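K.L.:
Okay, handing you the structure first.
The values are calculated or read from the model by the stated rules, or taken from the named source; none is laboratory data. Note that the structure is a prediction, hence the values are computed from the model and not measured. Here the Cβ is made from the backbone with ideal geometry for all residues, glycine too, and neighbour counts use every protein chain on show. Calculation scope for accessible area: heavy atoms of the full protein, side chains included, ligands and nucleic acids excluded. Shrake-Rupley method; radii C 1.70, N 1.55, O 1.52, S 1.80 Å.
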2 protein chains.
Amino acid sequence: MARTVKGGSDARRERWKGHREARRAEFVDATIRAVAKHGPDVGMDEIAAEAGVSKPVLYRHFADKSDLYLAVGRRGTDMLMDRLGPAIEKDGPIRDRIRGIVDAYLCVIEENPNLYRFVVRGSFTDRPVEQDVVHEDKALIAANLARILGDYLRAFDMDSGGAEPWAHALVGMVQNAGDWWLDRQSMSRQSLSEYLATIIWHAIDGLLRSANITVDPDVPLPGSVFKTEPTLRLINSSEEA
Amino acid sequence: MARTVKGGSDARRERWKGHREARRAEFVDATIRAVAKHGPDVGMDEIAAEAGVSKPVLYRHFADKSDLYLAVGRRGTDMLMDRLGPAIEKDGPIRDRIRGIVDAYLCVIEENPNLYRFVVRGSFTDRPVEQDVVHEDKALIAANLARILGDYLRAFDMDSGGAEPWAHALVGMVQNAGDWWLDRQSMSRQSLSEYLATIIWHAIDGLLRSANITVDPDVPLPGSVFKTEPTLRLINSSEEA
DNA sequence: ATTAAGTGTTACTTGAGGTAACGGTTACTT
DNA sequence: AAGTAACCGTTACCTCAAGTAACACTTAAT
């Protein structure tokens, strides 16, 4: 009998590819609901119950709890990047663009405060830092920002060595201010965006001034200095294999 | 027989006051050593072993694991505040003072990277946010910064509404840049301090310029606008009772 | 018909956090 | 001197949530 050879592609093996992804997404949804219902320290039983199945089913799709939470995190990543990408790539006066990016971020956390808090606080100590979604996201955003800033600086023949620290500084700045704002909403989102954009703009402007360059914050930059790569996707090295 | 009345001060009760504190400190030390030895996910048994005692002893001094870790966190807080306080209160040209504060922070995390990482990553999901040491510290520092900035702005008759978001933004900025730097030490501490101080100074300068005020970054501010309260201690509401 | 995937269940194991119950030591109180 | 309030410390246990074993059923490609 012609047995199916070990590495051969049996259609039975392929048939589920899409299904599995859909199922995982379904469980991620359930987890988010369960977190909203029971708070951030839900148990796997409760999550399974919320999904209408029992625990072992969950474990067929996720290696362990932390794997599930990672998937929840990536869901958050997607929501964030979907908004941040366009905001970063948008044309327009620099001052507006800064505010736009900041505001896009604040929008996302404002619209999903529970998910956001869960993902940010719920990092696992038993996983390496590299598998922390928040860390990944921040690194990714910072990397993009660093490239943009670097291009910017080089376009003006300035030292671009500060681009990376600057980028991480900006990311941390917006995130922390956002956290604070989310906890005690003592001002409108617009006001905060405006304040943050002001800081950032002044920092940039100051840097340029120190090199005797003046830029009008309300006039679009010439050229494509600020153009990013069309793809601002998370390069997820653990996705393959 | 005149039994010791229930609320009365029996010297037997007081005799240990200092001792208990010393013992807790000792266990905190042991925990830090244990973390350094076994990584951030040490068990209570290992910590107890490191301290040379068995588990129940630990639990006589700490309500639970998270209480112990809280104490470890406060140890970190103390180290940080001991450096940050003087740096904030120091006189001198504003630009230098900013760099001094930033550098003080970076020094602390540079000197205690393991402790720092443990405290920052090891936040507990089962405790309310208010008991997160990192959150506490950031809030405290931001509050001080906000007051300073507010005074500063008011001294120049400017809108001080942005002081709080600014403060949180600055805290997040320095922290995140510091984290990044600690992970991949791709530049000297001095360079990073310089870069961050530059950003901050430019942001402040820009803000003042927008109100038609110019300040020389290298000249000490007149008066005591920048004077902080002599006490930059953590107000620990859970200490009493 | 066979078989590779998936569906699902109940009942178990495991491990780390935390506790009970015991006995000894010190030095203040009466 | 007896009593006792605090500590010292141990071994052996409890508990609870994460994760697994073993079982039975469904579907559709071979």
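Every residue, every condition in (1) open to solvent by less than 30 Å² (accessible area, probe 1.4 Å); (2) modelled with pLDDT of 95 or more, yes or no:
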position	(1), (2)
B:A155	no, no
B:D159	no, no
B:G162	yes, no
B:P165	yes, yes
B:A169	yes, yes
B:A177	yes, yes
B:W181	yes, yes
B:S188	no, yes
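K.L.:
Could you please tell me which pairs satisfy a Cβ distance under 9 Å, a separation of 6+ or placement on different chains, a first residue in the range B:174-196 that is free of Cβ contacts under 8 Å to residues at least 12 places away in the same chain and facing chain A (nearest Cβ under 7 Å), and a second residue that is β-branched (V, I, T) and crowded, with 22+ Cβ neighbours inside 10 Å?
P.N.:
B:N176/A:V171; B:W180/A:V171
K.L.:
List, please: which pairs have Cβ atoms under 8 Å, are six or more places apart or on different chains, and start with a residue in the range A:23-48 that is on the phi > 0 side of the Ramachandran plot and more than 14 Å from chain B (Cβ to nearest Cβ) and end with one that is open to solvent by 20 Å² or more (accessible area, probe 1.4 Å) and within 12 Å of DNA strand D (Cβ to nearest atom)?
P.N.:
none
K.L.:
Only one of A:I109, A:I141 is within 26 Å of B:A197 (Cβ to Cβ) and not hydroxyl-bearing (S, T, Y). Can you tell me which?
P.N.:
A:I141
K.L.:
Might you check whether a residue that is at negative phi, crowded, with 16+ Cβ neighbours inside 10 Å, of a type in the set (D, E, K, R) and more than 12 Å from the chain's Cα centre (by Cα) occurs anywhere in the range A:49-65?
P.N.:
yes
K.L.:
So, in the range B:74-90, exactly how many residues are open to solvent by less than 30 Å² (accessible area, probe 1.4 Å) and more than 9 Å from the chain's Cα centre (by Cα)?
P.N.:
3
K.L.:
Looking only at residues that are surrounded by fewer than 16 Cβ atoms within 10 Å (Cβ to Cβ), closer than 23 Å to B:R121 by Cα and of a type in the set (G, A, S) in the range B:13-48, which one is modelled with the lowest pLDDT?
P.N.:
Among residues in the range B:13-48 that are surrounded by fewer than 16 Cβ atoms within 10 Å (Cβ to Cβ), closer than 23 Å to B:R121 by Cα and of a type in the set (G, A, S), the one modelled with the lowest pLDDT is B:G39.
K.L.:
Please verify whether the range A:110-129 includes one or more residues that are within 12 Å of chain B (Cβ to nearest Cβ), among the polar types (S, T, N, Q) and farther than 22 Å from A:E89 by Cβ. Spell out how you get there, then give the answer.
P.N.:
Keep residues of the range A:110-129 that are within 12 Å of chain B (Cβ to nearest Cβ), which gives A:117-129.
From what's left, among the polar types (S, T, N, Q): A:123, A:125.
Right, trim to farther than 22 Å from A:E89 by Cβ and you get A:123, A:125.
Yes, the conditions are met somewhere in the range A:110-129.
K.L.:
Among the residues of the range B:25-71, write down those that are of a type in the set (D, E), within 9 Å of DNA strand C (Cβ to nearest atom) and part of a helix (DSSP H, G or I).
P.N.:
Within the range B:25-71, B:D45, B:E46, B:D67 qualify.
K.L.:
A further question on this structure: When the range A:144-168 is examined, which residues are found to be of a type in the set (G, A, S), within 11 Å of another protein chain (Cβ to nearest Cβ) and in contact with a helix residue (DSSP H, G or I) (Cβ under 7 Å, 6 or more places away or on another chain)?
P.N.:
Of the residues in the range A:144-168, the ones of a type in the set (G, A, S) are A:146, A:150, A:155, A:160-163, A:167.
Cutting the leftovers down to within 11 Å of another protein chain (Cβ to nearest Cβ) gives us A:146, A:161-163, A:167.
Correct list: A:A146, A:G162, A:A163, A:A167.
K.L.:
Quickly run through the range A:161-199 and pick out the residues that are among the β-branched types (V, I, T) and within 14 Å of A:I141 (Cβ to Cβ). Explain how you work it out, then say what you get.
P.N.:
Here is the first cut: in the range A:161-199, the residues among the β-branched types (V, I, T) are A:171, A:174, A:198-199.
Across the range A:161-199, the qualifying residues are A:V171, A:V174.
K.L.:
I'm trying to understand the selection: among the residues of the range B:202-214, which are surrounded by fewer than 23 Cβ atoms within 10 Å (Cβ to Cβ) and more than 7 Å from chain A (Cβ to nearest Cβ)?
P.N.:
Matches in the range B:202-214: B:L208, B:R209, B:S210, B:A211, B:N212, B:I213, B:T214.
K.L.:
Before we move on, is B:L106 in contact with a Phe, Trp or Tyr (Cβ under 8 Å, 6 or more places away or on another chain), in contact (Cβ under 8 Å) with a residue 12 or more places away in the chain and within 12 Å of chain A (Cβ to nearest Cβ)?
P.N.:
yes
K.L.:
Checking the condition more than 19 Å from B:L170 (Cα to Cα) and in the same structural domain as B:D179 (by TED's automatic domain parsing), which residue from B:E46, B:E111 passes?
P.N.:
Every option except B:E111 fails the conditions.
K.L.:
Give the range A:22-79 a look and list any residue that's acidic (D, E) and within 9 Å of DNA strand D (Cβ to nearest atom), or say none.
P.N.:
A:D41, A:D45, A:E46, A:D64, A:D67
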